[in-house]
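Since the structure comes first, as C-alpha cells, the remarks are kept for the end.
The values are calculated or read from the model by the stated rules, or taken from the named source; none is laboratory data. Not measured: the values here are computed from a predicted model. Neighbour counts run over all protein chains shown; Cβ positions are idealised from the backbone, glycine included. SASA here: full protein model, heavy atoms, side chains in, ligands and nucleic acids out. Shrake-Rupley method; radii C 1.70, N 1.55, O 1.52, S 1.80 Å.
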Amino acid sequence: AEKFNSDNRWRKRGVYMMVADYHLGASEFYTGYQEKCLVKVENDGTVSLDHTGMENGQGINTKAAQAAAMRLSQLAKDFDLSLVSTVEPRSTSHYSWTMISPTWGSGTSEAVVQAVIDACDKIADALGPYKGKGTWKEVVAAAVAAGVDMSATGEHSRTQGNFGYHVYVGCCAVAEIDVLTGETQVLSVDVVHDSGKSLNPAVDIGQIEGCIVQALGFCLTEEQVKSKVDGRLVNCGTWDYKIPSGLDIPVKFSVTLPKSDNTSSGNVLSSKACGEPAYCVGGAVLFAVKDAIYAARKDRGVTGWFQLDCPASVGAVQKACRSSA
C-alpha cells in the first residue's frame, strides 16, 4: 500500500486488521438456548423434523437434516439425506413452545442440531433390534410390523452449555479510494474464523461472508438522512438508501476455518457458532478506508488524527480528503 500511495497522487490504498474474542452467551440476561424437535419416521422411510428454530437463510434446516442423517445412517448404510425434510410452517400442536428461545444470537442452529440428535438417539434405540434387517426401508418395515413407535421428541436444555464459549475471529481489509470523487473499492478481505468443528463449512462460510458484507454496508454505504423539520427518514427507499450491491463486495474475498475444536461444557459436536462474531471485525473495512484517507491528507501536508463517522459515504470520504484540518 505504501508503494502504491507513493506512486499515485489521486488514488490511495489503506490496510487495516481487526481481531475479536466473541464470548457466546456473555450477556447479563443470557439464559441459554431452549430448543425442541419432534422427529418422525414414516412407514415409507421418510423422516420429518418439526423443530423450534426459524429458518432465516442461515442454514438451520440444512444442519438439522444433516444431524438426523448422521445418526440414522448408523442403522442402515443406504440412508440418504434426501429422505429428511423439515415441517413447514411451524406448529405448536406437538409440544409446548413455552420457554423456547427466539432464533437469535448465532447459537440457535447448534441448539436445534442437539435437539435433533437427542430425538434421533431415542428412535435409533427403538430401531436397534432391527439394525441387521437389510436396507433402511427394510429396517423400517420390520419395525412397523412389530408395532414400534418411530417418533420421538428431543430437546436442548437452556442449562446445556449455558456458560458459553469463546469464538476468535481475525479480519484484514485492503481498500482503495479515489481522492477526487471519494469513491471506494474494497480490494480484499481475508477472514480467519474459529468455528470449532464446523457443522457445515459451506453454510458457515456463507454466514461469515454475509456478516462481513453487512458490516461493509453499515460502515460505507448505508447512510441515513433525517429531515431537519420533523426528524423523519428521508431516504427510505433503495434509490437513495444504498445497501451493498454486487459491485461493493470485496474484489478478493477469502474465509479460512482453521482446524479447531470446542471442548467447552455442553458443546454440540465440537462446533462453534458463526454469524455475529464475524460482524464484529467487519469494521476493518472502515479503518482501511480511513488509512487511505490519511495517505491522501499527507500529500496535502495535513497530518494528525481526524474523525470519520459511519458510514464513510462517498461524500464523507471526498470531504475528508479535501479537508485542511
| query | Roughly how many nanometres apart are two label points built 7 Å out from the Cα toward the Cβ at D240 and A146? | reply | 7.0
| said: In the chain, if the dipole is taken from +1 on Lys/Arg beta carbons and -1 on Asp/Glu beta carbons about the Cα centre, which of T159, V225, M99 is farthest to the positive end? | reply: V225
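If contacts are Cα pairs under 8 angstrom and at least 6 residues apart, what is the relative contact order of the stretch 74-154 in percent? Numbers along the way, then the final one.
Details: 49 pairs, mean separation 36.1, N = 81.
Dividing the mean separation by the residue count of the stretch 74-154 yields 45 percent.
Checking understanding here: applying a Kyte-Doolittle mean of at least 0.0 and a length along the axis of at least 24 Å (C-alpha), which whole DSSP H helices in the chain pass? Could you put the intermediate results ahead of the total?
Working: long enough: 108-127 (28 Å, 0.70).
Span-like helices, by this rule, are 108-127.
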| said: Below 8 Å, C-alpha to C-alpha, sequence gap of six or more: please give me the relative contact order for the stretch 14-97 in percent. | reply: 26
| query | Which length gain, in nm to one decimal place, applies between F253 and M54 when the Cα-Cα distance is subtracted from 0.36 nm times their residue separation? | reply | 68.8 nm
| So, in nm, how far is label D125 from label W10 when the simple model puts each one 7 Å beyond its Cα toward the Cβ? | 7.4
| Hey, any idea what % of the chain's accessible area is carbon plus sulfur with a 1.4 Å probe? | 54
| remark: For the stretch 104-139, listing trypsin sites (Lys or Arg not before Pro) in a DSSP loop whose Cβ sees at most 10 other Cβ atoms within 10 Å gives none
| Helical mean residue ellipticity (222 nm; -39500 (n - 2.57) per DSSP H run of 4+; nearest 500) of the chain | -9000 deg cm²/dmol
| note | Checked against the positive end of the charge dipole of the stretch 226-325 (+1 on Cβ of Lys and Arg, -1 on Cβ of Asp and Glu, about the Cα centre), the farthest of Y241, F306, L269 is F306
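Per-residue counts of other Cβ atoms within 10 Å, averaged by peptide: what ranking do you get for 69-80, 48-59, 190-201, 298-309, highest first?
Working: 69-80: 16.7, 48-59: 19.0, 190-201: 20.7, 298-309: 10.9.
Ranking the peptides 69-80, 48-59, 190-201, 298-309 by packing returns 190-201, 48-59, 69-80, 298-309.
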| request: Hey, can you find the accessible area per residue of the chain for me, probe 1.4 Å, expressed in square angstrom? | output: 50
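Given a cut-off of under 8 Å on Cα pairs at least six residues apart, what relative contact order in percent is computed for the chain?
On the way: 660 pairs, mean separation 84.3, N = 325.
Worked out over the chain, it gives 26 percent.
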| field | Whole-Å distance, taken between Cα centres, linking the stretch 104-156 and the stretch 184-223 | value | 35
| field | Label point distance in nm, D309-S265, each placed 7 Å from Cα along Cα→Cβ | value | 4.6
| Which value, in debye to the nearest 20, describes the size of the charge dipole of the chain about its Cα centre when Lys and Arg Cβ atoms bear +1, Asp and Glu Cβ atoms bear -1, and nothing else is charged? | 920
| query | Looking at N8, V41, L83, which one has the Cα that reaches farthest to the positive end of the dipole of the stretch 1-84 (charges on Cβ: Lys, Arg +1; Asp, Glu -1)? | reply | N8
